[in-house]
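S.K.: Got a structure for you, written out below as structure tokens; questions coming shortly.
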Amino acid sequence: MDWNTLADSYELYLLSSNKARSTTRTYMNALRQFIKTEPNDDHLRQSVQRFLAGELAAHKPATVSIWYRSIQQFFKWADREAEIQPNPMSGLTAPIVPLDPPDVIPLDQIRRLLASCEGTDFRNRRDLAIIRLLVDTGMRRNELTMMTTASVDLRAREVIVMGKNRRNRTLSIGVKTTAALDAYLRSRRRHLHHELPDLWISHMGKMTASGIYQVVRDRGETIGIEGLYPHQLRHTFAHEWLVNDGSETNLMSLAGWQSSQMLRRYGASAAQARALEAHKKLALGDRI
């Protein structure tokens with residue numbers, strides 16, 4: 001079987017289906033990695049199992065679970081196209097992923113992070129708006145990166161982001177985040193690249209996802225947090241929402257989750273925090 005030619009056809013299918021670029025990239029990376037193992041055409045099921053076992057020995061179960069679902073989608077397509085029949089992954093189950101609570105940043109550190117952006121110059125105003133948006137809405141880094149100036153409605157205190165599978169959703173923002181965005185937009189009007197439609201700009205032009213990552217990392221380092229990354233602010237938003245008894249249904253909508261898998265992960269973290277607080281209130285050891 002000419003696996004590389006088949007992979008090219010599958011990639012064309014993904015592109016024609018208007019899949020998100022990140023999804024297409026993930027699917028194809030997993031497929032290319034599987035092809036590198038030189039699968040046995042006569043024993044494809046065993047080849048898939050061997051591939052997954054090898055990946056589990058080298059990577060976290062959560063990563064291998066993503067790759068499992070990625071090549072699973074390929075074989076479903078190949079089955080429909082009558083290229084590979086029967087589907088060798090039919091009946092296989094995804095690797096069990098331990099419920100590992102996400103990294104959450106304490107609110108006192110979030111306040112220090114925001115304080116590191118004090119100042120009226122362009123960079124401080126931009127970084128403050130970026131960090132406040134990430135914390136206030138829990139949006140993904142790529143969603144933030146793709147925002148345009150038309151994405152912001154200061155009067156309504158709302159922003160629009162494009163999530164996975166090109167689904168738009170509207171997010172509410174607080175008064176402080178609105179003020180930070182307003183201050184940034186005023187500074188932005190005097191910037192060299194102010195005519196760009198992209199919301200986030202630097203001296204190089206449009207900011208990339210890597211640029212957003214560097215803003216968060218560098219601000220974290222200024223207050224002694226090594227390796228801080230944007231998704232941790234999303235973790236913190238979801239955790240705080242659940243700890244404060246926010247609706248799980250509303251959180252799924254706000255976070256742009258189509259599956260309850262991520263909700264269960266964050267729910268475990270919040271449940272532990274609630275249990276600890278309840279134990280402190282009970283204070284049984286202090287009452288006997």
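The values are calculated or read from the model by the stated rules, or taken from the named source; none is laboratory data. No experiment lies behind these values; they were computed from the predicted model shown. Note that we place each Cβ from the backbone using ideal geometry, even for glycine, and neighbour counts take in every protein chain shown. Accessible surface is based on the protein model in full, side chains and every heavy atom, while ligands, DNA and RNA are left aside. Shrake-Rupley method; radii C 1.70, N 1.55, O 1.52, S 1.80 Å.
S.K.: Suppose we filter Arg166, Arg189, Arg140 for residues that are free of Cβ contacts under 8 Å to residues at least 12 places away in the same chain, of a type in the set (Lys, Arg) and out of contact with any Cys (no Cβ under 6 Å at 6 or more places or on another chain); which single one remains?
M.R.: Within the list Arg166, Arg189, Arg140, the selection yields Arg189.
S.K.: Give Thr93, Thr63 a once-over and let me know the one that is among the hydroxyl-bearing types (Ser, Thr, Tyr), free of Cβ contacts under 8 Å to residues at least 24 places away in the same chain, out of contact with any helix residue (DSSP H, G or I) (no Cβ under 7 Å at 6 or more places or on another chain) and over 30 Å from Ala273 (Cα atoms).
M.R.: Result of the check over Thr93, Thr63: Thr93.
S.K.: For region 23-39, give me the residue count where each residue is without any contact (Cβ under 8 Å) to a residue 12 or more places away in the chain and of a type in the set (Ser, Thr, Tyr).
M.R.: 0
S.K.: Pull up region 183-239, narrow it to residues that are charged (D, E, K, R) and touching a strand residue (DSSP E or B) at 6+ places or on another chain (Cβ under 9 Å), then point me to the one that is farthest from Arg21 (Cα to Cα).
M.R.: Residue satisfying both the conditions and the ranking: Arg188.
S.K.: I'd like the full set of residues that are part of a loop (DSSP other than H, G, I, E, B) and under 20 Å from Arg274 (Cα atoms), limited to region 209-247.
M.R.: Answer for region 209-247, where residues must be part of a loop (DSSP other than H, G, I, E, B) and under 20 Å from Arg274 (Cα atoms): Asn244, Asp245, Gly246, Ser247.
Here is a yes/no grid of residues against (1) within 21 Å of Met162 (Cα to Cα); (2) touching an Asp or Glu at 6+ places or on another chain (Cβ under 6 Å):
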{"site": "Ala183", "(1), (2)": "no, no"}
{"site": "Lys206", "(1), (2)": "yes, yes"}
{"site": "Asp218", "(1), (2)": "no, no"}
{"site": "His231", "(1), (2)": "yes, no"}
{"site": "Leu251", "(1), (2)": "yes, no"}
{"site": "Ala278", "(1), (2)": "no, no"}
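S.K.: Just give me the residues in region 79-128 being part of a loop (DSSP other than H, G, I, E, B), touching a Phe, Trp or Tyr at 6+ places or on another chain (Cβ under 7 Å) and either aliphatic (A, V, I, L, M) or modelled with pLDDT of 95 or more (or both), in sequence order.
M.R.: Within region 79-128, Ile84, Asn87, Pro88, Met89, Ala94 qualify.
S.K.: Kindly provide the set of residues from region 139-163 that are in contact with a helix residue (DSSP H, G or I) (Cβ under 7 Å, 6 or more places away or on another chain) and of a type in the set (Lys, Arg), ordered by number.
M.R.: Across region 139-163, the qualifying residues are Arg140, Arg141, Arg157.
S.K.: Would you be able to tell me the number of residues in region 30-84 that are of a type in the set (Val, Ile, Thr) and open to solvent by 20 Å² or more (accessible area, probe 1.4 Å)?
M.R.: The qualifying residues number 4.
S.K.: Return only the number of the condition from (1) open to solvent by 50 Å² or more (accessible area, probe 1.4 Å); (2) at pLDDT 95 or above that Ala180 does not satisfy.
M.R.: For Ala180, the failing item is (1).
S.K.: Please find, among Asp127, Asp153, Asp103, the residue that is crowded, with 16+ Cβ neighbours inside 10 Å and of a type outside the set (Lys, Arg).
M.R.: Sole residue among the options that is crowded, with 16+ Cβ neighbours inside 10 Å and of a type outside the set (Lys, Arg): Asp127.
S.K.: Limited to region 144-160, what total is found for residues that are touching a strand residue (DSSP E or B) at 6+ places or on another chain (Cβ under 6 Å) and either hydrophobic (A, V, I, L, M, F, W, C) or modelled with pLDDT under 95 (or both)?
M.R.: 4
S.K.: In the list Gly285, Gly246, which residue meets the criterion of being without any contact (Cβ under 8 Å) to a residue 12 or more places away in the chain, open to solvent by less than 30 Å² (accessible area, probe 1.4 Å), farther than 26 Å from Pro61 by Cβ and not polar (S, T, N, Q)?
M.R.: Gly246
S.K.: Now a separate question. Does Ala20 count as aliphatic (A, V, I, L, M), surrounded by fewer than 17 Cβ atoms within 10 Å (Cβ to Cβ) and in contact (Cβ under 8 Å) with a residue 12 or more places away in the chain?
M.R.: yes
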